[in-house]
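The values are calculated or read from the model by the stated rules, or taken from the named source; none is laboratory data. It should be emphasised that the depicted structure is a prediction, and the values quoted were computed from it without experimental measurement. Neighbour counts run over all protein chains shown; Cβ positions are idealised from the backbone, glycine included. With ligands, DNA and RNA removed, areas are computed over all heavy atoms of the protein, side chains included. Shrake-Rupley method; radii C 1.70, N 1.55, O 1.52, S 1.80 Å.
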Amino acid sequence: MERTDTEQGAMQIILHAGNARSDAYEALAAIKEKRQPDFDQHYATAVQEIKTANQAHAQLLRALAAEDRMKDVDLLLVHAEDHLTFADVMVRMVAEFAEIYQWKNGNEVKIDG
């Protein structure tokens, strides 16, 4: 059985959480400028990236548990989990803000994700 690389797993979490956060910001900028198609694209990408980050996190924790290595959770993994949590909150808040912008502008509110 190959030993799980916690550093590589943590970096995958950080990568995808960062991508989600960036796309969430782009989605927010788009909805503020009334560019619904751009919002839809960036928001969908943000949602997919946060799902990928969560999957990477779950996979890493399952692998560490299977190898009886939960004691190997290190500072980098904790940092990655912080990125994941913040990005997840950001993506959810952008959806809420988008609904407010759409409502304020008299548009039909339709946020998928």
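Per-structure values
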{"quantity": "Thr85 vs. criteria open to solvent by 70 Å² or more (accessible area, probe 1.4 Å), modelled with pLDDT of 95 or more and either of a type in the set (A, V, I, L, M, F, W, C) or more than 25 Å from Trp103 (Cβ to Cβ) (or both)", "calculated": "yes"}
{"quantity": "Segment 62-75: number of residues that are part of a helix (DSSP H, G or I) and open to solvent by less than 50 Å² (accessible area, probe 1.4 Å)", "calculated": "3"}
{"quantity": "Ala58 vs. criteria under 12 Å from the mean Cα position of the chain (by Cα) and either surrounded by 15 or more Cβ atoms within 10 Å (Cβ to Cβ) or outside any loop (DSSP other than H, G, I, E, B) (or both)", "calculated": "no"}
{"quantity": "Segment 41-71, residues that are among the polar types (S, T, N, Q) and touching an Asp or Glu at 6+ places or on another chain (Cβ under 8 Å)", "calculated": "Thr45, Asn54"}
{"quantity": "Any hit, segment 29-42, residues being farther than 21 Å from Tyr101 by Cα and without any contact (Cβ under 8 Å) to a residue 60 or more places away in the chain", "calculated": "no"}
{"quantity": "Selection count where residues are closer than 18 Å to Thr45 by Cα and surrounded by 15 or more Cβ atoms within 10 Å (Cβ to Cβ), scope segment 93-106", "calculated": "5"}
{"quantity": "Within segment 8-35, considering residues that are in a loop (DSSP other than H, G, I, E, B) and on the phi < 0 side of the Ramachandran plot, the one least open to solvent (accessible area, probe 1.4 Å)", "calculated": "Arg35"}
